[in-house]
């Protein structure tokens, strides 16, 4: 959808914030696209691409190079499942988690408005910080959601760009007038040393992202942080999660708070680099149990990626070390996650590793559902439409939604 919109706008002659028409190039595969992105960046052109699932995996070799050479760019990913025991085109975080070692910063959006806002944060931060970004959001659940949003003014965005950093990027481009040596083969005497030389760029990145989040907050009245907390200020049970499930969790929290429950949510936005201090600061001091929800499965691992990061962060910070941390899997292949399952997570105190949304009759990891509330706001009208392939149902609904929205 994103690439199609970009191609359509370019064909129409629509200008970007620099007053130029974006050049769109289609390659033979995602591997070729990533190689073209690498070459384009090396030549000094601001470049982005869009992908998901196996296509993202094909980009990984070039992602290591782009990150290693500190070339600012953004890959927008509608996070989707990877084909394992079966093919699934639907959403989870298996693809983006596979990229966490590449050196890319990873920024997560929850809904269409955040995709607009944090997509801008990713582009602005990569220019100033020189570290490439992978900006991701849930495939289908978010990528195909139609929602009214506040659209950014181009002049406002252009005013936020660090022009000195942009000029520095373009000056680093390969140019016969000032030739430089790139892509060398290094021996053991210097490879390790040169690899560690990039540490300062990653150490500085959380502060840079925070700076641009603050600028966005000032412009449109939002409250974006590296880790946002939602819930009771004296919460005793806290869930840590990222992606569209956070909207479901917030809705469930509102329901439970009305009953006097002390629950909360830490919403992860900047997943890489993982800021230990910002994460710990987001957790209420009253917490007695932490549950981490991961939208992937790593067979054979001690836990899924976000869970391992949370445990390591708490240990490194030396805080909440006596608080039990539970690990849960949910939503693989776009399996629905509803308030009843979130309530089960808050109620769980027996299964350190668990699943929600399925009935696990093999390893018995699934949590039982004891309460299934209706958390839909009063006065809401819900409609569900069924259609046959190519009968026009989808198009008709899109048009109807836009008419209602206008």
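Observations, loosely collected:
- Of note, residue 337 satisfies the criterion of being in contact (Cβ under 8 Å) with a residue 60 or more places away in the chain, outside the structural domain of residue 92 (by TED's automatic domain parsing) and assigned to a loop (DSSP other than H, G, I, E, B).
- Verdict on residue 370 being outside any strand (DSSP E or B), outside the structural domain of residue 265 (by TED's automatic domain parsing), within 17 Å of residue 265 (Cβ to Cβ) and touching a helix residue (DSSP H, G or I) at 6+ places or on another chain (Cβ under 9 Å): no
- For region 223-245, the criterion of being under 30 Å from residue 344 (Cβ atoms), in contact (Cβ under 8 Å) with a residue 60 or more places away in the chain, in a helix (DSSP H, G or I) and touching a strand residue (DSSP E or B) at 6+ places or on another chain (Cβ under 7 Å) is satisfied by at least one residue.
- Considering each residue of region 16-28 in turn, none proves to be in a helix (DSSP H, G or I) and either in the same structural domain as residue 200 (by TED's automatic domain parsing) or closer than 15 Å to residue 135 by Cα (or both).
- Within region 54-72, one or more residues are over 23 Å from residue 195 (Cα atoms), in contact with a helix residue (DSSP H, G or I) (Cβ under 8 Å, 6 or more places away or on another chain) and crowded, with 22+ Cβ neighbours inside 10 Å.
- The residues listed here are 388, 306, 314; of these, the one that is assigned to a helix (DSSP H, G or I) and more than 21 Å from residue 247 (Cα to Cα) is 314.
The values are calculated or read from the model by the stated rules, or taken from the named source; none is laboratory data. These figures come from a predicted structure and were not determined experimentally. Note: ideal-geometry Cβ built from the backbone for every residue, glycine included; neighbour counts use all protein chains shown.
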